[in-house]
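First up is the structure itself, then whatever we jot down about it.
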Amino acid sequence: MPSGNTRKSIVGQGKQLFSMNKLIKQVEQWHRDRNLIEGSDDKAQVLKLIQELGELSDSVCKGKPIDDDIGDLLVVMINICVRNKITLESCLSHSWDEIKHRKGVMRDGIFIKEEDL
Ligand SMILES: [Mg+2]
């Protein structure tokens, strides 16, 4: 039986998930309302993604907050997901299944997977 604090934190996570799903739907609609799904394409959106990644790099290098940069990356990734009829959740789940048992070593702050050693 979870303690009071654990139970509260599980309920909190549920609310966060609901909130995340609601936010994703709102961002999807934002893209549709601006014709950024049918009116754009994956190549254009990947370029936008790289632009936003550059902004994240700039913020990290300058020690600035990264919330906006991560959010902007997610907005563009949602665009690409919608056009390809996939979801952030299915993509993350796929990656999780691939990495969850991965073994390797750390070198200079980079994780090198076992098969690449
Ligand atoms: Mg930005």
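No value in this document is a laboratory result; all are computed from the given coordinates. Computed from a predicted model, the values in this text were never measured in an experiment. Cβ coordinates were reconstructed from backbone atoms using ideal geometry, including for glycine residues, and neighbour counts include every protein chain displayed.
Data table
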item: Test for Gly104: is it more than 16 Å from the ligand (Cβ to nearest atom) and touching a strand residue (DSSP E or B) at 6+ places or on another chain (Cβ under 7 Å); result: yes
item: Filtered residues of region 77-109 (kept if touching a Lys or Arg at 6+ places or on another chain (Cβ under 7 Å) and loosely packed, with under 12 Cβ neighbours inside 10 Å); result: Arg102
item: Any hit, region 18-32, residues being within 15 Å of the ligand (Cβ to nearest atom) and touching a Lys or Arg at 6+ places or on another chain (Cβ under 7 Å); result: no
item: Test: residue in region 59-76 that is farther than 23 Å from Asn21 by Cα, in contact with an Asp or Glu (Cβ under 6 Å, 6 or more places away or on another chain) and surrounded by 10 or more Cβ atoms within 10 Å (Cβ to Cβ); result: yes
item: Cβ-Cβ under 9 Å pairs, at least 6 apart or on other chains, region 98-111 side without any contact (Cβ under 8 Å) to a residue 24 or more places away in the chain, far side of a type outside the set (S, T, N, Q) and part of a loop (DSSP other than H, G, I, E, B); result: Gly104/Leu117; Val105/Leu117; Phe111/Arg102
item: Candidate set: region 37-51, residues that are closer than 13 Å to Asn84 by Cβ and within 16 Å of the ligand (Cβ to nearest atom); chosen: the one surrounded by the most Cβ atoms within 10 Å (Cβ to Cβ); result: Gln45
